[in-house]
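Please read the structure below before turning to the comments.
The values are calculated or read from the model by the stated rules, or taken from the named source; none is laboratory data. It should be emphasised that the depicted structure is a prediction, and the values quoted were computed from it without experimental measurement. With ideal geometry, Cβ positions are generated from the backbone for all residues, glycine too; neighbour counts draw on all protein chains shown.
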Amino acid sequence: MATNQTFTMIKPDAVQDGHTGAIIKMIEEAGFRIVAIKKTQLTAERAGQFYAVHRDRPFYNDLRAYMSSGPIVPMILEKENAVADFRKLIGATNPAQAEEGTIRKLYAKSIEANAIHGSDSDENAQIEGSFFFAATEQF
Ligand code: UDP
Ligand code: MG
């Protein structure tokens, strides 16, 4: 069932570098409404759980360390066609391949420290949103 919601988090490099406000401005100007937002920090264990789908990839341990290295800003966002439109707004995983004007093209430092996350399906958007926010915080 399409829900018109997606999940995102501004990653440690972008928060550390002071890009939180600029990124949220881009998100809002693209027509997304913020349903839930906070600033928090993952432990390496929690980061590993969030990215468990990648546990057999060579970058998994580095990713866990990076994602727990500093504060992040997770958000649940709402818009028609949210998942696909948000993936378009953030651009390719590797900033070298990201289109001009995308968040990753503007703010990502590397394929790992790539500034922002975006869910890849409606199902994962719900799972990932619930990972960070209790249902009572979402409405
Ligand atoms: N990642 C990495 N090296 C890679 C591929 C991915 O460090 O070769 C990191 C990067 O931070 C990426 C995250 O792992 O955003 C999840 O990877 P995925 O393929 O799901 O990319 P995304 O959906 O974030 O574009
Ligand atoms: Mg992904």
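Candidates Phe86, Phe132: the one that is within 16 Å of ligand 2 (Cβ to nearest atom) and either over 20 Å from Met26 (Cα atoms) or more than 14 Å from the chain's Cα centre (by Cα) (or both) is Phe132.
For the range 93-105, give me each residue that is under 15 Å from the mean Cα position of the chain (by Cα) and away from ligand 2 (no atom under 12 Å from the Cβ).
Listed by number, the residues that qualify are Asn94, Pro95, Thr102, Ile103, Arg104, Lys105.
Among the residues of the range 22-41, is there at least one that is of a type in the set (D, E, K, R), more than 12 Å from the chain's Cα centre (by Cα) and buried (at least 16 other Cβ atoms within 10 Å of the Cβ)? Taking every residue of the range 22-41 in turn, none turns out to be of a type in the set (D, E, K, R), more than 12 Å from the chain's Cα centre (by Cα) and buried (at least 16 other Cβ atoms within 10 Å of the Cβ).
Among the candidates Gly129, Gly118, the residue that is away from ligand 1 (no atom under 11 Å from the Cβ), modelled with pLDDT of 95 or more and closer than 20 Å to Val53 by Cβ is uniquely Gly129.
Among the residues of the range 99-115, the ones that are without any contact (Cβ under 8 Å) to a residue 60 or more places away in the chain, within 11 Å of ligand 1 (Cβ to nearest atom), surrounded by fewer than 22 Cβ atoms within 10 Å (Cβ to Cβ) and not β-branched (Val, Ile, Thr) come to 2 in all. Against the conditions (1) farther than 22 Å from Gln126 by Cβ; (2) not in a helix (DSSP H, G or I), Val15 satisfies every one except (2). For the range 91-98, the condition holds for at least one residue, the condition being that it is under 21 Å from Val15 (Cβ atoms) and free of Cβ contacts under 8 Å to residues at least 12 places away in the same chain.
The listed residues are Arg46, Arg57, and the only one of them that is more than 16 Å from Glu112 (Cα to Cα) and basic (Lys, Arg) turns out to be Arg46.
Candidates are the residues of the range 27-75 that are of a type in the set (Ser, Thr, Tyr) and out of contact with any strand residue (DSSP E or B) (no Cβ under 7 Å at 6 or more places or on another chain); the one that is farthest from Ala125 (Cα to Cα) is Ser69.
Right, Ala65: among the small types (Gly, Ala, Ser), over 22 Å from Phe131 (Cβ atoms), within 12 Å of ligand 1 (Cβ to nearest atom) and at pLDDT 95 or above or not?
no
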